[in-house]
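Q: Here it is: the structure, laid out below.
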Amino acid sequence: MAETDKRKIKKPAGKQPDGIAPESAQIGLVATFLLVVVSAVLTAVAFHPADIPLFAWFGLAPLLMVVVRKRALPAALWSLAAGYVFFFLGANWISAVSWMGLFAMCIPLCLYFGLFALVTNLAVRRLRLPLMLAAPTVWVACEYLRSFLFTGFPWLFLAHTQYAVLPLIQISDITGAYGVSFLILLVNAFIAEAALRALDKQRYRKINTRGLLPRLICAVAAFALVLGYGYARLDVVRSQMREGPRLLIVQPNIEQVIKERRSARVHISEDIEKQTVAAAARAMLAGRMPDMIVWPETMVQPGPEFDAEKAKQIEDFASDYRVYLMTGGTHVKPEPHEYEQWDSATEKWVKETQPFTDLHNSAYLFDPNGAIQGRYDKIHLVPFGEFIPFKDQLPFMGGIILRSAGFVRHLEPGSKVIFFEMKDSRGEQYVFTTPICYEVGFPDLFTRFVEENGKKKADFVVNISNDGWFLESAELEQTTAIAAFRAVENRVGVVRSTNTGISCVIRPDGYFSWKDDVLRDENGNMKSVQGELLHDVYTCPSLTTYTRLKDWFAIAMLILSGLALVASIILPRFRPAGFPTKGV
């Protein structure tokens, strides 16, 4: 009798799903909202200013849970929301220039999150591909698209959170930073799948572990393989590294509002020259005279070709100290031009007419005899900062930018990379290049500053920049982390010379010390400070796979993602009746 009174637990009919199948338990609205927000915040916190790289390894797992449990369109919409929150937090430094710009810029950027969710959802639920394969592949494809579409924004790649974990990022000399992002998504996907199976326990009374162990082995093996390669590669690279020329990096810390005031331009170059003279005198007394002095972006305005008196002053300085001098400047054409900009001192719009028109954002090299050895004109200009994209189709954009940022510039891009040559005090000859400002962020473009005709030509790279636009924000650390990846990808020493910080020297293995290799003042501050950094730059003769083949890995992921998207649309039409596509 007692046995007949026992209540029987009814289990759902059919085989227990693997956590991703359509018949799996769904996630409610409130839970979905929390998962999306938590995922965006955790992932953003992995980057500077918080800089907690561990969060990158599980931060996207909550979003992946939503992506595979929802239908394709809702998954994409929820992911759009996550992307907007992520970029709003991670790229918040854009607000230092314009809050309107930040709100607007997050809109196209979050589309990559939506695309990622859409393709991943279709690949997993329609094609029944493993999440651990689909998610990393599509994520890398989206990062790659973001690196060049609409002029590109290659900041906040997942890989950048791991810049300080040297053994982990050495794989970048084969795959670029994209290989590290792939590995991070692989781990996130495993965590998401395990969490989804745990979620189904409430319905099926136990966790379905079928196939979970092979997935765990796959993740561990991939992680171990990357680490193993990293440790082995570090030994080889460090055995090849050599100390190169000694550089004196001068950081003048000129406020952007002063720097943009055209009437103050002549005083800017005079001030940094005085600072440099004092620093060179100290180096001479210490017996550590530099081989080259580096000034940041746009320190000489207008360029020395237009201002003969200024050119003579710089030439005399270089020849007096018998050093090379690399400086940023504005190459101009001798045509009068009327500028309109916001004057914060008078809080009024002012118009100035000058006898020249800004043409190129350039880098000049003076040799020890005081002659100009060459000039490089910036190739990849900053949209809305140095030119207005689609200005013919959107003529009203000029007025919006003027009222938002306080100025409008219309520069022209350069056409080619210039390889400069120099000799150190020992007579050793070196070749180097000078990507300007945010050109350091574009991995494919950066390879052009290293190789020519399939051979490594540059021994080191000097990135001159003016990050004063972004005050003391996390943009400075984020760009420094990106520069470390460029060093590893191409096995070159990377020097950053900035106006307000962060100026530093990075080795070809990606190593730099925030204490010893970064310019700091006597109080230990590295942002909004004036100072100098006297440091040797390291060289390495290796020509990497990435330098030769560039974004081959990311392109392969893009092709695979495209094929998966096409297959997910076409194949269901030819499947037999009864094939499980419910919920897609």
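Q: With both partners inside the stretch 454-584, how many of the DSSP beta bridges are antiparallel, as a percent to the nearest 5?
A: If we restrict to bridges inside the stretch 454-584, about 40 percent are antiparallel.
Q: Something else now. Given the options 443, 525, 505, identify the residue whose Cα lies farthest towards the positive end of the charge dipole of the stretch 407-525 (+1 on Cβ of Lys, Arg; -1 on Cβ of Asp, Glu).
A: Positive-end residue among those listed: 443.
Q: Moving to a separate point now. Taking the Cα centre of the stretch 59-205 as origin, work out the dipole magnitude from +1 charges on Lys and Arg Cβ and -1 charges on Asp and Glu Cβ, in debye rounded to 20.
A: 820 debye
Q: Arranged by the count of other C-beta atoms within 10 angstrom, fewest first, what order do 423, 550, 70 take?
A: Neighbour counts put them in this order, fewest first: 423, 550, 70.
Q: Here's another thing I want to ask about it. From the backbone phi of the stretch 472-486, what are the Karplus-calculated ³J(HN,Hα) couplings (6.51 cos²θ - 1.76 cosθ + 1.60, θ = phi - 60°) in whole Hz, Gly and Pro given as x?
A: Using θ = phi - 60°, the values come out as 10, 6, 6, 4, 5, 5, 4, 5, 5, 4, 4, 4, 5, 5, 5 Hz.
Q: State, to one decimal in nm, how far the label point of residue 240 lies from the label point of residue 515, with both points 7 Å from Cα in the Cβ direction.
A: 3.0 nm
Q: Grab the other residues whose beta carbon is less than 15 angstrom from that of residue 61, score K and R as +1, D and E as -1, and report the net. Don't jump to the answer; show the numbers that get you there.
A: Details: positive: 69, 197, 215; negative: 193.
Result for the neighbourhood of residue 61: +2.
Q: Now for a different question. Whole Å is fine, so just give me how far the alpha carbon centre of the stretch 125-162 lies from that of the stretch 407-483.
A: 25 Å
Q: If you don't mind, there's one more thing I want to ask. How large is the charge dipole for the stretch 429-547, taken about the Cα centre, if only the Cβ atoms of Lys, Arg (+1) and Asp, Glu (-1) carry charge, to the nearest 20 debye?
A: Dipole magnitude for the stretch 429-547 comes out near 360 debye.
Q: For the pair residue 54 and residue 37, how long in nm is the line joining their label points, each one 7 Å along Cα→Cβ?
A: 2.5 nm
Q: Would you mind ranking 573, 520, 197 so that the residue whose beta carbon has the fewest other beta carbons within 10 Å leads the list?
A: Sorted ascending by nearby Cβ count, the order is 573, 520, 197.
Q: Could you work out how far the C-alpha centroid of the stretch 215-246 sits from that of the stretch 360-375, in angstrom?
A: 38 Å
Q: Computed FRET efficiency, Cβ-Cβ of residue 552 and residue 281, R0 41 Å: what is it to the nearest 0.05?
A: 0.25
Q: Now for a separate question. Just grab the label-to-label distance for residue 353 and residue 71, each label 7 Å out from Cα along the Cβ direction, in nm (one decimal).
A: The two pseudo-label positions are separated by 6.4 nm.
Q: Please report 58, 387 as a ranked list, fewest other C-beta atoms within 10 angstrom at the top and most at the bottom.
A: The order, fewest Cβ neighbours first, is 387, 58.
Q: Using the Cβ atoms and a cut-off under 13 Å, what net charge is assigned to the surroundings of residue 109, where Lys and Arg are +1 and Asp and Glu are -1?
A: Spelling it out: positives minus negatives among the neighbours equals 0.
Q: Please tell me which of these pairs span more than 30 angstrom C-alpha to C-alpha: 378/457; 333/416; 312/456; 274/527; 416/515; 310/423?
A: On the way: 378/457 19 Å; 333/416 19 Å; 312/456 35 Å; 274/527 21 Å; 416/515 36 Å; 310/423 25 Å.
In this structure, 312/456; 416/515 lie more than 30 Å apart at Cα.
Q: Of 479, 454, 490, which is farthest along the charge dipole of the stretch 449-502 in the positive direction, counting Lys and Arg as +1 and Asp and Glu as -1 at C-beta?
A: After comparing all options, I get 454.
Q: Which percent of the Cα-Cα distances in the stretch 430-549 go past 22 Å? Walk me through the intermediate numbers first.
A: Numbers: 2034 of 7140 pairs.
In whole percent, the share of Cα-Cα pairs in the stretch 430-549 beyond 22 Å is 28.
Q: Rg and Dmax of the stretch 87-214 over Cα atoms: what are they, in angstrom?
A: For the stretch 87-214, the Cα-based Rg and Dmax read 17.4, 54 Å.
Q: Right, another one. What residues qualify as long-range amide H neighbours of residue 457, i.e. H under 5 Å apart, gap of 5 or more or another chain, H built at 1.01 Å from N?
A: Amide H neighbours of residue 457: 451, 452.
Every number in this text was worked out from the coordinates using simple rules, so none of it is lab data. Treat the numbers as computed from the prediction; the structure is a model and nothing was measured. As a convention, Cβ positions derive from the backbone with ideal geometry for all residues, glycine included, and neighbour counts pool all protein chains shown.
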